[in-house]
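Report on one structure; see the data block that follows.
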Amino acid sequence: MSAVRASGFGIAALPRIVRGRGSCLYDADGKRYLDGSGGPAAFSVGHAHPEINAAIMRQLEEVACGYRYLYTSSALEELSAALLGLCGGAYQEIVFTSSGSEAVESALKIALQHFAARGLPRKRHFIARHRSWHGNTLGALSVSGFAQRRQSFEGSLLDVSFVRAANVYRPPAGTAAAQLPQVLADELEQTILARGAENVAAFIFEPIVGAAGGVVPAPEGYAAAMQAVCRRHDVLMIADEVMCGSGRSGTWRTLAHDGVVADIMAIAKGLAGGYIPLAATLCTARVSGPILSEHGAFQTGHTFSGHTAACAAGLAVQGLIDRERLVERVSRRGAEFQTALRAALARFAEVGDVRGRGFFLGIEFVADPVTKAPFPRERALSFDIGARAFRDGLICYPCAGNVDGQSGDTIILAPPYNASDAELEEILSKLTTAVAAALASKP
Ligand SMILES: Cc1ncc(COP(=O)(O)O)c(C=O)c1O
């Protein structure tokens, strides 16, 4: 085993990965790890699937990459058609990139270009939410409400307005869960008006918050209420589905669950399942129309936009998901898995909340179940649990800072959509063991 450097997940010495098969990874010492979180909710169909590897190899044998601005390709065209179909015709145009941050960056730029094309160049301001994560490039970081990750860069970030998160477990003081959508929609409207609607370009949010909140789905009616406010003030709605999307939450588009189509949507992680980096930003005809008629093209793109082999990987992953009806499985099995997880963790008073949808589940730990006070930050409880699970051969995704940007402990589970029933049971039992050991230990 080689010690490279400590990981942000609290693992002191990183093992050397040599092989993956299905839901499992193996290190150089032959140790097996069950991938209970698909890495960071990325590995949608597990590792080293022969069908996907073969599709990528076929593409590589023809050509790895035809430069997007000189050529189209079958992989690019077929994947584009497949994605537009999976979105039920809601979207018209797609810009491909290589990471979630780039997809969000493109979403922000498409919103700005849309208003520039309409002769509204003052509409530049973005509104985002506290307890959110949109990526590590400066634009995406600017709209991220994640104090820990912003700290070193403050002063160079865009001036962004932040509104409160839609968190049923931690609602604003005095607000009942049923009132959340209206209260938060009112807050968005006040924020737009305070800035001047003529200055506001877009509101960006994660339909299910990932790492910044520990899987926080918005309550019923929230997305529609926020969209109604955006529409009233000619503000675009951007859905960041980088983590929760591409089928992970049990519908291919997360917002399909809410009957809402955001004007712009970013997707990444599960799209090509980590076989080759691939991300995409989709927008409606209403958004792309002025851009294409006034400017002719989107002014956002990168050398490897629409990389041919990456598109072949995305096409193969989506083909497998479609043929094996994995989104339906995620929806059905996810609900059962969540019930089993809740039951397995019920004996721990420190488990404050178990939540999520499909194969995207979060567990929140609290020092006091009545006040919901978090554990002290220095206790690093989630990383302690994550490290114990990892030693025992289970990969989960520990997160910190969901309460106030610094403290708060959550664990994310996001297994591959095709993880077997036995593997799901093993995830439950190993996680429960790690939680019990961490809670029993004196820090
Ligand atoms: C919701 C969300 N948006 C954007 C990103 C950034 O994606 P990437 O790390 O691929 O740049 C992430 C990454 O975790 C994410 O969870």
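The values are calculated or read from the model by the stated rules, or taken from the named source; none is laboratory data. On a predicted model such as this, the values are computed, not experimentally measured, just so you know. Cβ atoms come from the backbone with ideal geometry, glycine included; neighbour counts cover every protein chain shown. All accessible areas refer to the heavy atoms of the entire protein, side chains included, with ligands and DNA or RNA removed. Shrake-Rupley method; radii C 1.70, N 1.55, O 1.52, S 1.80 Å.
What does the extension gain come out to for Leu84 and Gln151, with contour length at 0.36 nm per residue minus their alpha carbon separation?
20.3 nm
Just going by the charge dipole of the chain, with Lys and Arg at +1 and Asp and Glu at -1 on Cβ, which of Gln92, Gly210, Ile291 is farthest out on the positive end?
Gly210
How about region 1-87: which trypsin sites (Lys or Arg not before Pro) there are in a DSSP loop, with at most 13 other Cβ atoms within 10 Å of their Cβ?
When the trypsin sites (Lys or Arg not before Pro) of region 1-87 are filtered for loop state and at most 13 Cβ neighbours within 10 Å, Arg5, Arg16, Lys31 remain.
Under 10 Å, Cα contacts only: if you run a Gaussian network model on the chain, which one of Met265, Met243, Met226 comes out with the highest mean-square fluctuation?
Checking each option, the largest mean-square fluctuation is seen for Met226.
Spelling out what I want: for every residue of region 363-377, take phi, set θ = phi - 60°, compute 6.51 cos²θ - 1.76 cosθ + 1.60 (Karplus), and round to whole Hz; glycine and proline get x.
Whole-Hz 3J(HN,Hα) from phi for region 363-377: 10, 10, 9, 10, 6, 10, x, 7, 7, 6, 5, x, 5, x, 4.
Check cross-link reach from Lys31 to the lysines: straight Cα distance under 20 Å, and skip same-chain residues fewer than eight apart.
Lys430
What number, in percent, do you get for the relative contact order of the chain if the mean sequence gap of Cα pairs under 8 Å and at least 6 apart is divided by its residue count?
Working: 952 pairs, mean separation 99.9, N = 443.
Contact order relative to length: 23 percent.
State the answer as a single residue: which of Ile127, Ile56, Leu112 lies farthest towards the positive end of the charge dipole of region 21-132, with beta carbon charges of +1 for Lys and Arg and -1 for Asp and Glu, about the Cα centre.
Ile127
Using only the alpha-carbon atoms, what does region 232-360 span along each of its principal axes? Please give whole angstrom values in decreasing order.
So the extents along the principal axes, rounded to whole Å, are 60, 41, 25.
For the peptides 110-116, 427-433, what is the packing order when you average, over each peptide's residues, the other Cβ atoms within 10 Å and list the highest mean first?
Numbers: 110-116: 22.9, 427-433: 18.7.
Peptide ranking by packing, descending: 110-116, 427-433.
Using the Karplus equation 6.51 cos²θ - 1.76 cosθ + 1.60 (θ = phi - 60°), what ³J(HN,Hα) coupling, rounded to whole Hz, does each residue of region 27-37 give in order, writing x for Gly and Pro?
3J(HN,Hα) across region 27-37, in whole Hz: 9, 5, 8, x, 6, 9, 10, 8, 8, x, 10.
Report Ser305's accessible area, 1.4 Å probe, all protein chains in place, as a number in Å² to the nearest 10.
We get 10 Å² for Ser305.
Please give the per residue accessible area of the chain, computed with a probe of 1.4 Å over protein heavy atoms only, in Å².
Working: 17350 Å² over 443 residues.
Averaged over the residues of the chain, the accessible area is 39 Å².
Say we join alpha carbon atoms closer than 10 Å with springs in a Gaussian network model of the chain; which of Ser106, Ser407, Ser132 then has the biggest fluctuation?
Ser407
Give the lysines whose C-alpha is closer than 29 Å to that of Lys109, dropping any in the same chain fewer than 8 places away, or say none.
Those lysines meeting the cut-off are Lys123, Lys269.
Rounded to the nearest percent, how much of the accessible area of the chain (1.4 Å probe, protein heavy atoms only) is carbon and sulfur?
54 percent
Helix-derived [θ] at 222 nm for the chain: sum -39500 (n - 2.57) over DSSP H runs of at least 4, divide by residue count, nearest 500?
Value at 222 nm, helices only: -11500 deg cm²/dmol.
Answer with one residue from Leu271, Gln227, Ser249: the one whose Cα lies farthest towards the positive end of the charge dipole of region 181-291, charges on Cβ with Lys, Arg +1 and Asp, Glu -1.
Leu271
Using 0.36 nm per residue, how much length does the chain from Ala48 to Ser429 gain when fully extended, once their Cα-Cα distance is taken away?
Stretched fully, the Ala48-Ser429 segment lengthens by 134.6 nm.
Only Lys, Arg, Asp and Glu count, each charged at its Cβ (+1, +1, -1, -1), so figure out the dipole size of region 320-380 about its Cα centre, rounded to 20 debye.
160 debye
Rounded to the nearest whole Å³, what is the per residue volume of the convex hull around the Cα atoms of region 296-352? Intermediate values should be presented prior to the final figure.
Working: hull volume 11.4 nm³, N = 57.
Output value, Cα hull per residue: 199 Å³.
Please state the charge dipole magnitude for the chain, taken about the Cα centre, from unit charges on C-beta atoms (+1 on K and R, -1 on D and E), reported in debye and rounded to the nearest 20.
Using Cβ point charges on Lys, Arg, Asp and Glu, the chain gives about 500 debye.
What figure, in Å² to the nearest 10, do you get for the accessible area of Lys109 with a 1.4 Å probe and non-protein molecules left out?
Accessible area, nearest 10 Å²: 90 Å².
Rounded to whole Å and sorted largest first, list the principal axis extents of the Cα atoms in the chain.
Per principal axis, max minus min of the Cα coordinates gives 62, 60, 40 Å.
Just report the Cα centroid separation between region 408-443 and region 227-277, whole Å.
Spelled out, the Cα-based centre of one part sits 27 Å from the other.
If you filter region 1-94 for chymotrypsin sites (Phe, Trp or Tyr not before Pro), then keep DSSP loop positions with at most 16 other Cβ within 10 Å, what is left?
Counting only loop positions with at most 16 other Cβ atoms within 10 Å, the chymotrypsin sites (Phe, Trp or Tyr not before Pro) in region 1-94 are Tyr67, Tyr69, Tyr71.
Could you name the aspartates and glutamates whose alpha carbon sits less than 15 Å from that of Lys372, not counting residues in the same chain fewer than 8 places away?
Candidates past the 8-residue exclusion: Glu350, Asp353, Glu364, Asp404, Asp409.
Please list the three semi-axes, largest first and in whole Å, of the ellipsoid equivalent to region 62-162, using sqrt of 5 times the eigenvalues of its alpha carbon gyration tensor.
Computed over region 62-162, the values are 30, 18, 14 Å.
Below 8 Å between Cα atoms, with a sequence gap of 6+, how large is the relative contact order for region 71-159 in percent?
Values: 70 pairs, mean separation 17.4, N = 89.
Once normalised by length, the contact order is 20 percent.
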